[in-house]
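Presented below is the structure to which this report refers.
The values are calculated or read from the model by the stated rules, or taken from the named source; none is laboratory data. What you see is a predicted model; the values in this text were computed from it and never measured. For neighbour counting, all protein chains shown are included, and Cβ atoms are generated from backbone atoms with ideal geometry for every residue, glycine included. Areas reflect the complete protein model, heavy atoms only, side chains present, ligands, DNA and RNA absent. Shrake-Rupley method; radii C 1.70, N 1.55, O 1.52, S 1.80 Å.
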Amino acid sequence: SFIGEESVAAGEGSILTDNPTWIIDPIDGTTNFVHRFPFVAVSIGFVVNKKIEFGIVYSCIEDKMYTARKGKGAFCNGQKLQVSGQEDITKSLLVTELGSNRDPEAIKIILSNMERLLSIPIHG
């Protein structure tokens, strides 16, 4: 099976089943792309029994290939990635995404979450 982000965004329905399924977003960062902001990628995931098995993200502008496989770790251009180990959120960099849903209830939830995050003395 195949699920394409662009077709789902255009209103086509899609149901994730237990079948092996490719999930593809050919322009991950569509808004960035439209505004010529250079953070755009091609994202591909493979799911079996509704569980992700592996994913690939190719950052076109940076020429970086990110790969990850369940139980095998994540890599960038073949180099293993790992988290920083920082446990103190006040010394961490926080990055958020607001999403595209402008439904009033979704906006209330997003703003509530942002308010909680902004009350923490964080970098970001």
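Structure above, values below:
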quantity: With DNA, RNA and ligands ignored, accessible area of D88 (1.4 Å probe; Å², nearest 10); calculated: 60 Å²
quantity: Residue-normalised accessible area of segment 1-78, given per residue in Å² at a 1.4 Å probe; calculated: 69 Å²
quantity: Three principal axis lengths of the chain [C-alpha, angstrom, descending]; calculated: 44, 40, 33
quantity: Simple Cβ-charge dipole of the chain, Lys/Arg +1 and Asp/Glu -1, about Cα centre, in debye nearest 20; calculated: 380 debye
quantity: Lysines with Cα under 21 Å of K70, excluding same-chain neighbours fewer than 8 positions away; calculated: K50, K51, K80
quantity: In segment 28-100, GluC sites (Glu not before Pro) in a DSSP loop with at most 16 other beta-carbon atoms within 10 Å; calculated: E62, E87, E97
quantity: V42 paired with M65, simple spin-label distance in nm, labels 7 Å along Cα-to-beta-carbon; calculated: 1.1 nm
quantity: Carbon/sulfur fraction of accessible area - segment 1-78, other protein chains in place, 1.4 Å, %; calculated: 61 percent
quantity: Positive-end extreme of charge dipole, the chain - chosen from S92, W22, N32 (charges on Cβ); calculated: S92
quantity: Highest-fluctuation residue, R102, R36, R69 considered, GNM on the chain with Cα pairs under 10 Å; calculated: R102
quantity: Taking only Cα atoms of segment 46-118, radius of gyration then Dmax in Å; calculated: 16.7, 43
